[in-house]
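Enquirer: Right, I'll just put the structure down here and ask away after.
Here, each number is a calculation from the coordinates, and none is a lab measurement. What you see is a predicted model; the values in this text were computed from it and never measured. Every residue, glycine as well, gets a Cβ built from its backbone with ideal geometry; the counts of neighbours run over all protein chains shown.
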Amino acid sequence: MSSPRSSRTLTVFAAGFLALDGILLMLAGLWSDRLSLLVWGIACTAAAVGVYASWRRHLRRLAELDAAYEDRRAEFQRMARELEHRRES
């Protein structure tokens, strides 16, 4: 399993690379009046936004899972204390 820092680094690199490619392709398309470069530039920029949005969604989901795990863990501890109390009675 990768660390959160390496995950963040890889995601920022991928999004940044796509954004840079997109911007440069759009500029090349505008300067050379080539529609295909402009379209590919827009596609790369949209992909960069998609990578970043997916990563943020992934982080939110991980936080939800962590919270659910902690809630479940607290419930199990409560049940274990209750069971131990009943055994002592």
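Enquirer: List Leu38, Leu62 from most exposed to least, where exposure is judged by having the fewest other Cβ atoms within 10 Å. Each step should come with its number before you reach the end.
Expert: Numbers: Leu38 17, Leu62 12.
Fewest to most other Cβ atoms nearby, the residues stand as Leu62, Leu38.
Enquirer: Test of the criteria: in segment 1-42, which trypsin sites (Lys or Arg not before Pro) are in a DSSP loop and have at most 13 other Cβ atoms within 10 angstrom of their Cβ?
Expert: Passing both the DSSP loop test and the Cβ count: Arg34.
Enquirer: Which value in deg cm²/dmol, rounded to the nearest 500, describes the helix-derived mean residue ellipticity at 222 nm for the chain, given -39,500 (n - 2.57) per DSSP H run of n ≥ 4 and division by the residue count? Write down the numbers at each step before the final one.
Expert: Working: 2 runs with 83 residues, N = 89.
Dividing the helical sum by the residues of the chain leaves -34500 deg cm²/dmol.
Enquirer: Then there's this: Which of the listed residues, Ala28, Ser6, Ile42, is farthest toward the dipole's positive end in the chain, when Lys, Arg count +1 and Asp, Glu count -1 at the beta-carbon?
Expert: Ser6
Enquirer: Rg to Rh for segment 23-69: what is it, with Cα atoms only and Rh by Kirkwood?
Expert: With Rh from the inverse mean 1/r over Cα pairs, Rg/Rh is 1.38.
Enquirer: Still on this model: Tell me, what is the FRET efficiency for Arg61 and Phe17 to the nearest 0.05, using R0 = 35 angstrom and their Cβ-Cβ distance as r? Intermediate results must be reported in sequence, preceding the final value.
Expert: Working: r = 24 Å, r/R0 = 0.70.
In this case the efficiency is close to 0.90.
Enquirer: I need the per residue convex hull volume for the chain, using only the alpha carbons, in cubic angstrom as a whole number. Can you show the working numbers first?
Expert: Details: hull volume 7.2 nm³, N = 89.
Here the figure is 81 Å³ per residue.
Enquirer: OK, next. Relative to the longest principal Cα axis of the chain, at what angle does helix 35-88 sit, 0 to 90 degrees, rounded to 10?
Expert: That helix lies at roughly 0 degrees to the long axis.
Enquirer: Helix 4-32 sits at what angle to the longest principal axis of the chain, using alpha carbons and giving 0 to 90 degrees rounded to 10?
Expert: Between the helix axis and the principal axis of the chain, the angle is about 20 degrees.
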